[in-house]
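Quick notes on the structure that follows.
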Amino acid sequence: MLAVGNTLAALVTAVAIGVNTYWFLTFGLMTIGFLVGANVPLAYSLLRETYPENGGAMASALTFFGTLGLVTIPWVAGVVADKANFWYGLITLGLCPWLLALLSLYLLLARRPAPVAGIPPKPAPQA
C-alpha cells in the first residue's frame with residue numbers, strides 16, 4: 001500500500017510540474033506529504049514488533065538507510081533524467097518504491113535473527 005502511495009506521489013509531482021501553477025504545485029506538495037507521511041512511523045513500529053530485543057540498533061539502521069535512500073533515489077532519478085529524458089527520471093522515482101518494497105519483502109521472508117549477547121535464541125515453533 002505504501003508503494004502505491006509513493007507511486008501516486010511521484011505522479012502528482014509530475015502533473016504539478018507540468019501544470020506549473022502556484023496553487024496546483026502547493027496542492028501537489030500537500031498531497032505528497034499525506035501520501036508518504038506514514039512511511040517512517042510505520043517502519044519504526046514494524047521494527048519494534050519484528051526485533052523487540054534490539055530495537056535501538058534497528059531504529060539506528062532505519063534512520064541511516066532512510067537517509068541514504070533520501071540521497072540515493074533522487075540522485076539516481078537525476079542521472080536517469082540527464083542521460084535519457086526528464087520523464088524517465090520521474091518514472092524512476094515511481095519504480096524505486098516498488099523495488100524497495102520487493103527488497104523489503106525478500107528480507108522479511110528470509111529473516112534469520114542473529115543471536116544477541118546474553119539473550120538465548122527463541123526456540124523454533126513445534127509443528
Working only within the stretch 77-97, note down all residues that are farther than 19 Å from V4 by Cα and either among the basic types (K, R) or within 15 Å of the chain's Cα centre (by Cα) (or both).
-> K83
Find the residue count for the stretch 26-55, including only residues that are exposed (fewer than 15 other Cβ atoms within 10 Å of the Cβ) and hydrophobic (A, V, I, L, M, F, W, C).
-> 8
What are the residues in the stretch 13-25 that are among the aromatic types (F, W, Y) and surrounded by fewer than 14 Cβ atoms within 10 Å (Cβ to Cβ), if any?
-> Y22, W23
In the stretch 85-103, is there at least one residue being under 30 Å from P125 (Cα atoms), surrounded by 13 or more Cβ atoms within 10 Å (Cβ to Cβ), of a type outside the set (D, E) and in contact (Cβ under 8 Å) with a residue 12 or more places away in the chain?
-> yes
Scan (1) of a type outside the set (G, A, S); (2) closer than 16 Å to A101 by Cα; (3) touching a helix residue (DSSP H, G or I) at 6+ places or on another chain (Cβ under 7 Å) for the single condition T31 breaks and write down its number.
-> (2)
In the stretch 47-59, residues that are under 21 Å from A110 (Cα atoms) and part of a helix (DSSP H, G or I) total 8
Across the stretch 66-82, what is the number of residues that are hydrophobic (A, V, I, L, M, F, W, C) and surrounded by 12 or more Cβ atoms within 10 Å (Cβ to Cβ)?
-> 6
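Any read-out appearing in this document is the output of simple, stated calculations on the displayed coordinates, not a laboratory observation. From a predicted model like this one, the values you see are computed outputs, not experimental measurements. For neighbour counting, all protein chains shown are included, and Cβ atoms are generated from backbone atoms with ideal geometry for every residue, glycine included.
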